[in-house]
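These notes are about the structure you will find just below.
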Amino acid sequence: MNEQFLIDDAYWNGIAPREKLLNMIAANYANPNESASYQALTELNVSDETDFYQTRQDKIKKIVNGSSKELSEEEKEYWENLNVRVKGIFQYGFCGGWEVIISAFELLLFAILAVCIVVAPIFSGEYQAGTDMVILSAKYGKTKLPMAKILAGVLFGVAAFTIHVAVAFGITIAAFGIDGWNLPLQINGTAVPYPFTFLQGILVNLCVIYLVLIAMISLTLFLSSKMKNPYLVLIIVVPVLFIPMFLSPNRTSGIYNLLIFLTPYQSLIPRFGR
């Protein structure tokens, strides 16, 4: 019928070595919220000398001005000004390790959970063991000691989490190499409006993750100071971390999306293309 096939070694010799690049080019010409693969390139009309980068700019304007986004004029101006800072021509190359890191950021949720488990008994463990009265009656039991415990909990959490990140990233980079750290995020999706390289994007997202980490440590310490059992603390902390995994943001803006994006799990996911 109307099906087309690549015969002999045409795919392996001509397409496979550059399939991802061809898919990126095809997706650039697709309508917003639509996907396209290299097969669509055969139907692309280039009679009007359609420019790759101008098509990208027009596509982002459509996304920003889309009715589903419900963006204000100030928000539209912000995103358009941010996108202007994206410099072409895009340099393309291998960036497999950095793509793996970006795609697996949400797995760091388990590292945050591990930190919360260790931090939970800082105060409630004393209530459970019955040593709280002895500690509170000491000279600095109600002043310097609680502040020292809070500081120790935060420092431990940040240090333990940093070691976990270093090991996780180190294994990935050792397997794939550091190639691609200076490539633009746009080669992973041309609609990305952020003027970042892969390394810059990862560092920005890491800053967000550390804010989530400190927020969860603070919540755990607060609950630990109010509850008499570390398990009660975790009964609250675990749902806060994992329930948002089952909540998906929609394609429109609004209070629902804002609340979803502020949850710990959703905050871990890089959203450079949205």
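When only C-alpha pairs under 8 Å and at least 6 residues apart count, what is the relative contact order of region 193-267, in percent? Walk me through the intermediate numbers first.
Numbers: 35 pairs, mean separation 19.9, N = 75.
In percent, rounded to a whole number, it is 27.
Given a 1.4 Å probe, how much area per residue of the chain is accessible, in Å²?
Values: 16540 Å² over 274 residues.
About 60 Å² of surface per residue is accessible.
Tell me which DSSP H helices of the chain clear both cut-offs, 27 Å or more of axial length from alpha-carbon atoms and a mean Kyte-Doolittle hydropathy of at least -0.5. Present the calculation step by step, with values, prior to reporting the outcome.
Numbers: long enough: 144-176 (47 Å, 1.77); 198-226 (42 Å, 1.97).
Qualifying helices: 144-176, 198-226.
Translational D (Stokes-Einstein, µm²/s) of the chain at 37 °C and 0.692 mPa s when Rh comes from the Kirkwood sum over C-alpha pairs? Walk me through the numbers on the way to the answer.
Details: Rh = 22.2 Å.
My calculation gives 148 µm²/s for D.
Longest span of the chain, sites excluded, free of GluC sites (Glu not before Pro) in DSSP loop with at most 15 other C-beta atoms within 10 Å? Please list the in-between numbers first.
On the way: sites that count: 3, 34, 49, 70.
In short, 71-274.
On the protein heavy atoms, probe 1.4 angstrom, tell me the percent of accessible surface of region 140-274 carried by carbon and sulfur.
That fraction is 76 percent.
Which of the lysines could be linked to residue 144 by a straight reach, that is with a Cα gap under 22 Å, when you skip same-chain ones fewer than 8 residues away?
226, 228
The values are calculated or read from the model by the stated rules, or taken from the named source; none is laboratory data. In this text, all values refer to a predicted model and were calculated from it rather than measured experimentally. FYI the Cβ positions are ideal-geometry reconstructions off the backbone, even for glycines, and counts take in every protein chain you see. These area figures cover heavy atoms from the full protein model, side chains too; ligands, DNA and RNA do not enter into them. Shrake-Rupley method; radii C 1.70, N 1.55, O 1.52, S 1.80 Å.
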